[in-house]
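Asker: Dropping the structure in here first, questions after.
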Amino acid sequence: MKFLKFSFLILCLVNVSSFAKGPSPYLPLQTDALIELDLNRLATLAKLPVLTKPYHAATVNRYLEKVIDSYPLLYKRISSYLKRYKNEAALTNAAAQLNYSDTKNITLPNQRGQMADANYQASFSGFWQANQYLIINGGGQYYESGDYLKTNTFLSFGLDVLQVDIGYREHWLSPFQDSAVLMSTQARPPLSVTISNPALITDFNIKYELSIGRLEKQEGIRFDREQPSISGKPSLLMMHLSAQPLDWWTIGFNRTLMFGGDEKVGLSEIWKGIIDPVNNDNCGGEGTDLQDCSKELGNQQASITNKFDLNWFNTPLSIYYEYAGEDTNNYTNYGLSNVAHSLGLFIPYLNETMTLNIEFTSFESAWYTHHIYSEGYSNDGVKMGHWWGDMKAAKDKVGGEAGSIRFDWRNSNESQISLLYRSAAYDNSNLVEYQRAHQLEMKYTRVVESGFLGIKLYLGKNNTGENFMQTSVSYNW
């Protein structure tokens, strides 16, 4: 009921607001590799001050003019793609894929919980702009298992400085392309209410995003350690705020709060947990108010993200750095512990046809695990952050590291070759004896008729030493 009341409250606030430019549809996120690569190029070249995804189409359209003279081919490709979002209604994306795999225990990175052994899948997304202030978005993904994900199915309304999305809208709290520590598309999106601003605010290009959602049912929730565990549906609060102090530097702050699952939680309790986690969400500290661990609110994470858009030796590039914490440090509200450091480098044009992206993250212990939630920081059994988290045992509190290198080569006007290598390692564990995991993804894409034909080979060795392989043929309209 609180979820519905919150949705109604947001609707009322928007209805009494003064009319202005309306909401914006969203561009693809981890569904269309070619256009997403071009969008990442634009984000670097135009110094786009946005650290979350999916991008608002209106925001990208505003910054596209910055590359019209310097990168005319890139401008032409993105401009042509954006035309479909300027219609009253459009099917913006549709894809079908056939797979063959020799393994059943591999969760594909950033694919909403999809397993490698699905023999076929299909997806679509589209929208209808009912009027200037209302957009109805429809989409989904269907897998061989019969699992249908209502991703990209949501209602958007409001203004260009306050857009409200209600439904299965996805979130990616990071400028990184292959990984996001706090929130990514690793798991399916929860049903949520989100507010954000397609039009950036003030000369500092302030961007905000606030979302509250309901996760799938979890087993083994235990607030009171003296009582048996229960099952329930936790809630998830996500917050983001970013600004561009300098035209080459954008800084953002992120927070996630996973709470509830067994009983109702009031807004005042949530607010206290946000502003004072030590005394409301971290029990047992000397001199703190919260000594009864059965009164803990839930599981919190936070991060500070930086994006530096530079030009070195006439080569545009972006450097990303994120400092994230899974807990507070020494029971202080402003210190982070169980830290994760992420560093990334993106070069949109090594030359006229080649692109390079490198990312690396190191994790201290306890990431994606929690003493209240036995399934950890997950939705439907899949971790909601970095793909690294799904390669270790659900309750294993070990640290480790993960990295990826992606190389793209547009070898002609009609085809592209992509190579993506990932690696993950884990510290010593009492639960599992881990090995370093390796993944290699090779994909060839070619324009065929009005769409793109893709052939992919995905292979490697998991962290228990088992080899795996998947081959795919896809067509994307």
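Asker: Of the residues in the stretch 218-249, how many are over 30 Å from LEU45 (Cα atoms), open to solvent by 50 Å² or more (accessible area, probe 1.4 Å) and touching a Gly at 6+ places or on another chain (Cβ under 7 Å)?
Answerer: Of the residues in the stretch 218-249, 2 are over 30 Å from LEU45 (Cα atoms), open to solvent by 50 Å² or more (accessible area, probe 1.4 Å) and touching a Gly at 6+ places or on another chain (Cβ under 7 Å).
Asker: Go through (1) assigned to a loop (DSSP other than H, G, I, E, B); (2) at pLDDT below 95; (3) open to solvent by 70 Å² or more (accessible area, probe 1.4 Å) one by one and return the number of the condition LEU13 breaks.
Answerer: (1)
Asker: Sticking with this structure for a sec: How many residues are among the hydroxyl-bearing types (Ser, Thr, Tyr) and surrounded by fewer than 18 Cβ atoms within 10 Å (Cβ to Cβ) when one looks only at the stretch 465-477? Even if it seems obvious, please write down each step before you answer.
Answerer: Taking the stretch 465-477 first, the residues among the hydroxyl-bearing types (Ser, Thr, Tyr) are 471-472, 474-475.
So of that shortlist, the ones also surrounded by fewer than 18 Cβ atoms within 10 Å (Cβ to Cβ) come out as 471, 475.
Summing the residues that are among the hydroxyl-bearing types (Ser, Thr, Tyr) and surrounded by fewer than 18 Cβ atoms within 10 Å (Cβ to Cβ) in the stretch 465-477 gives 2.
Table: residues versus (1) within 16 Å of the chain's Cα centre (by Cα); (2) farther than 23 Å from ALA180 by Cβ.
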position	(1), (2)
ASN205	no, no
ILE212	yes, no
ASP224	no, yes
LEU241	yes, no
TRP248	no, no
PHE253	yes, no
LEU257	yes, no
GLU269	no, yes
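Asker: Which is surrounded by fewer than 21 Cβ atoms within 10 Å (Cβ to Cβ), modelled with pLDDT of 95 or more and not in a loop (DSSP other than H, G, I, E, B), of LEU350, LEU343?
Answerer: On the way: LEU350 fails: not in a loop (DSSP other than H, G, I, E, B).
Criteria check complete, one pass: LEU343.
Asker: Which one of these does ARG84 not meet: (1) surrounded by 14 or more Cβ atoms within 10 Å (Cβ to Cβ); (2) free of Cβ contacts under 8 Å to residues at least 40 places away in the same chain; (3) not in a helix (DSSP H, G or I)?
Answerer: (3)
Asker: Which of the residues that make up the stretch 226-239 are assigned to a strand (DSSP E or B) and over 25 Å from the mean Cα position of the chain (by Cα)? Walk me through it before giving the result.
Answerer: Taking the stretch 226-239 first, the residues assigned to a strand (DSSP E or B) are 230-232, 235-239.
Scanning the stretch 226-239 gives ILE230, SER231.
Asker: Look at VAL181 and say whether it is assigned to a loop (DSSP other than H, G, I, E, B), crowded, with 18+ Cβ neighbours inside 10 Å and aliphatic (A, V, I, L, M).
Answerer: Yes; evaluated as a whole, the condition is true for this residue.
Asker: OK, next. With respect to the numbered conditions (1) of a type in the set (Val, Ile, Thr); (2) surrounded by 17 or more Cβ atoms within 10 Å (Cβ to Cβ); (3) more than 18 Å from the chain's Cα centre (by Cα); (4) at pLDDT 95 or above, which one is the sole condition not fulfilled by THR315?
Answerer: Only one criterion is unmet by THR315, namely (2).
Asker: A follow-up question, please. Please work out which residue is surrounded by the most Cβ atoms within 10 Å (Cβ to Cβ), limiting yourself to the stretch 414-464 and to residues that are of a type in the set (A, V, I, L, M, F, W, C) and farther than 30 Å from ASN93 by Cα. I'd like the intermediate steps shown before the answer.
Answerer: The first filter runs over the stretch 414-464 and keeps only residues of a type in the set (A, V, I, L, M, F, W, C), leaving 417, 419-420, 424-425, 431-432, 437, 440, 442, 447-448, 452-453, 455, 457, 459.
Among the residues that remain, those that are also farther than 30 Å from ASN93 by Cα are: 424-425, 431-432, 437.
On the way: ALA424: 27, ALA425: 18, LEU431: 12, VAL432: 14, ALA437: 22.
This residue is ALA424.
Asker: Inspect the stretch 216-223 for any residue being touching a residue at least 24 places away in the same chain (Cβ under 8 Å) and either of a type in the set (Ser, Thr, Tyr) or closer than 23 Å to ASP38 by Cα (or both) and give the result as yes or no.
Answerer: Taking the stretch 216-223 as the starting set, the residues that turn out to be touching a residue at least 24 places away in the same chain (Cβ under 8 Å) are 216, 218-223.
This time we only want the ones that are either of a type in the set (Ser, Thr, Tyr) or closer than 23 Å to ASP38 by Cα (or both), so: none.
No: the stretch 216-223 contains no residue that is touching a residue at least 24 places away in the same chain (Cβ under 8 Å) and either of a type in the set (Ser, Thr, Tyr) or closer than 23 Å to ASP38 by Cα (or both).
Asker: Any residue in the stretch 229-240 that is hydroxyl-bearing (Ser, Thr, Tyr) sitting within a Cβ distance under 7 Å of a residue that is in a strand (DSSP E or B) and open to solvent by 40 Å² or more (accessible area, probe 1.4 Å)? List the pairs, counting only those 6 or more apart or interchain.
Answerer: SER231/GLU219; SER235/ARG214
Asker: Can you name the number of the only condition in (1) open to solvent by 50 Å² or more (accessible area, probe 1.4 Å); (2) within 19 Å of TYR168 (Cα to Cα); (3) in contact (Cβ under 8 Å) with a residue 40 or more places away in the chain that PHE204 fails?
Answerer: Failing condition for PHE204: (2).
Asker: Still on this structure, please answer the following. Looking at SER174, SER184, SER231 in this structure, which one is in contact with a strand residue (DSSP E or B) (Cβ under 6 Å, 6 or more places away or on another chain) and at pLDDT 95 or above?
Answerer: Details: SER174 fails: in contact with a strand residue (DSSP E or B) (Cβ under 6 Å, 6 or more places away or on another chain); SER231 fails: at pLDDT 95 or above.
After applying the criteria, what remains is SER184.
Asker: For the structure I just gave you, tell me whether VAL164 is under 9 Å from the mean Cα position of the chain (by Cα) and among the aliphatic types (A, V, I, L, M).
Answerer: On the way: under 9 Å from the mean Cα position of the chain (by Cα): no; among the aliphatic types (A, V, I, L, M): yes.
Spelling it out, it is not the case that VAL164 is under 9 Å from the mean Cα position of the chain (by Cα) and among the aliphatic types (A, V, I, L, M).
Asker: Something else now. Of the residues in the stretch 153-165, how many are open to solvent by 10 Å² or more (accessible area, probe 1.4 Å), over 18 Å from LEU215 (Cβ atoms) and not aliphatic (A, V, I, L, M)? Give the derivation first.
Answerer: Keep residues of the stretch 153-165 that are open to solvent by 10 Å² or more (accessible area, probe 1.4 Å), which gives 153-155, 157, 159-162.
Next, from what is left, pick out any that are over 18 Å from LEU215 (Cβ atoms): 155, 157, 159-162.
After this cut, where a residue has to be not aliphatic (A, V, I, L, M) as well, the list is 157, 160.
Residues flagged as open to solvent by 10 Å² or more (accessible area, probe 1.4 Å), over 18 Å from LEU215 (Cβ atoms) and not aliphatic (A, V, I, L, M) within the stretch 153-165 amount to 2.
The values are calculated or read from the model by the stated rules, or taken from the named source; none is laboratory data. Quick caveat: nothing in here was measured; it's all calculated off a predicted structure. Here the Cβ is made from the backbone with ideal geometry for all residues, glycine too, and neighbour counts use every protein chain on show. The area values use the complete protein model at the heavy-atom level, side chains included, leaving out ligands, DNA and RNA. Shrake-Rupley method; radii C 1.70, N 1.55, O 1.52, S 1.80 Å.
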